[in-house]
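Single-structure report; data block below.
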Amino acid sequence: MTKTSRLPYIFLFFLVALIFVPQLLTLSASFKEISEMYSNPLRIIPENPTLEPWVRLFSEQPVMKWLFNSIFIALIGTAINLVICSLGGYAFARLKFKGKEALFRLVIMTLMLPLAVYIVPLYIVMDKLSILNTYWAVAIPVSESIFGVFLLTQFFKNIPGEMEEAALIDGCNRFQTFLYIFLPMAKSSLFTLAIFSFVWKWNMFLWALIALNKVDLYPLILGLSLSVGQYETDKNVLMAGAILIAIPVLIIYFVFQKYIIGGEATSGLK
């Protein structure tokens, strides 16, 4: 292997180190006492490991309630997003109606709009629906749907028209064709979108901060963020909270990563 060919591997090594070393240090700090966190030299493996930061985290805050809130909001929001994106993607890819291309471009253009642009109208809508300070206020707004619509539109466009025509000839209507032909073939794309949607909902902070003012309804990331002042001097407790926020996302990724890198859905189109 030449020096030039090693460069990509060296770059990837430093990139991985840049991402994972802070995570490793955070995990290590969550099992250390305060005095050991600032020891010199810095130790990755704690000399005197302790569970006190974790015990304090769960005993002094309603962390389990916040964890349930986050999981519930993320699951409901992901389900809503999958329904919206799959139906929207099918409509843009396979249906013919006047102004479709212009409408599709307009929808995609909204990807450039940050949440701050439409957060006030969104708040007004949620208020008119009388669902502020509920789980639904955080779960229903799915700004990430635009990405999902684009993703599934491009996938559905690549499905041969003969398959759709055969289903219609066999007696399926449009919805049955979508449900029994297109959705099973899009399994890999749907899993990928589900993972992204779950992560987006799990990490939602700004909108949750605005839509909720009841502590019992806070998602985990919001509850722990607002507890920072209480643990200003107890950095090890904050580190335990940061690791707790990251654990579910890591589990989901490692369980479903094959759907991100796999091509199961497209393999049947060759």
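Helix 63-94 against the longest principal axis of the chain: what's the angle in degrees, Cα atoms only, rounded to the nearest 10?
Between helix and principal axis, roughly 20 degrees.
Decide, for the range 117-220, between rounded, prolate and oblate: order the square roots of the alpha carbon gyration tensor eigenvalues as a ≥ b ≥ c, take rounded if a/c falls under 1.5, and otherwise choose prolate if a/b is larger than b/c, else oblate.
Numbers: a/c = 3.05, a/b = 2.48, b/c = 1.23.
It is prolate, given that a/c is not under 1.5 and a/b is the larger ratio.
What number comes out for the charge environment of Gly89, summing +1 per Lys or Arg and -1 per Asp or Glu over other residues with Cβ under 13 Å away? Working shown, then result.
Values: positive: Arg94, Lys100, Lys157; negative: none.
Counting the neighbours of Gly89, the net charge comes to +3.
How do 23-35, 77-89 rank on mean C-beta neighbours within 10 Å, highest first? Intermediate values should be presented prior to the final figure.
Numbers: 23-35: 16.8, 77-89: 20.2.
Top of the packing list down: 77-89, 23-35.
Working from Cα positions, state the angle (0 to 90°, nearest 10) between the long axis of helix 100-109 and the longest principal axis of the chain.
The two axes meet at around 10 degrees.
In angstroms, what radius of gyration and Dmax does the range 61-267 have, counting Cα atoms only?
Rg, Dmax (Cα atoms, Å): 19.8, 70.
I need the phi-derived Karplus couplings for the range 9-15: 6.51 cos²θ - 1.76 cosθ + 1.60, θ = phi - 60°, integer Hz, Gly and Pro marked x.
Whole-Hz 3J(HN,Hα) from phi for the range 9-15: 5, 5, 4, 5, 4, 5, 5.
Could you sort the peptides 246-257, 9-20 by per-residue average Cβ neighbour count (10 Å cutoff), highest mean leading? All intermediate terms of the calculation are to be shown ahead of the outcome.
Working: 246-257: 12.8, 9-20: 10.0.
Listed from highest to lowest mean packing, they are 246-257, 9-20.
If you line up the long axis of helix 235-261 against the longest principal axis of the chain, both from Cα atoms, how many degrees apart are they, to the nearest 10?
30
Please report the Cα spread of the range 1-50 along all three principal axes, rounded to whole Å, starting with the longest.
46, 17, 13
By how many nm would the segment from Ala166 to Phe256 lengthen if fully extended, with 0.36 nm per residue of separation less the alpha-carbon distance? Please report the intermediate quantities before stating the final value.
Details: separation 90, 0.36 × 90 = 32.40 nm, distance 3.23 nm.
The Ala166-Phe256 span can extend by a further 29.2 nm.
Please list, in order along the range 22-29, the HN-Hα scalar couplings obtained from phi with the Karplus expression 6.51 cos²θ - 1.76 cosθ + 1.60 (θ = phi - 60°), rounded to whole Hz, x for Gly and Pro.
Along the range 22-29, the couplings run x, 5, 5, 5, 5, 4, 4, 5 Hz.
For the range 148-256, which trypsin sites (Lys or Arg not before Pro) are both in a DSSP coil and crowded by at most 14 other Cβ atoms within 10 Å?
Numbers: sites: Lys157, Arg174, Lys187, Lys201, Lys214, Lys235; in loops: Lys214.
Sites meeting the loop and neighbour criteria: Lys214.
Since every read-out is calculated from the coordinates, none of them should be taken as a lab result. These figures come from a predicted structure and were not determined experimentally. Note that we place each Cβ from the backbone using ideal geometry, even for glycine, and neighbour counts take in every protein chain shown.
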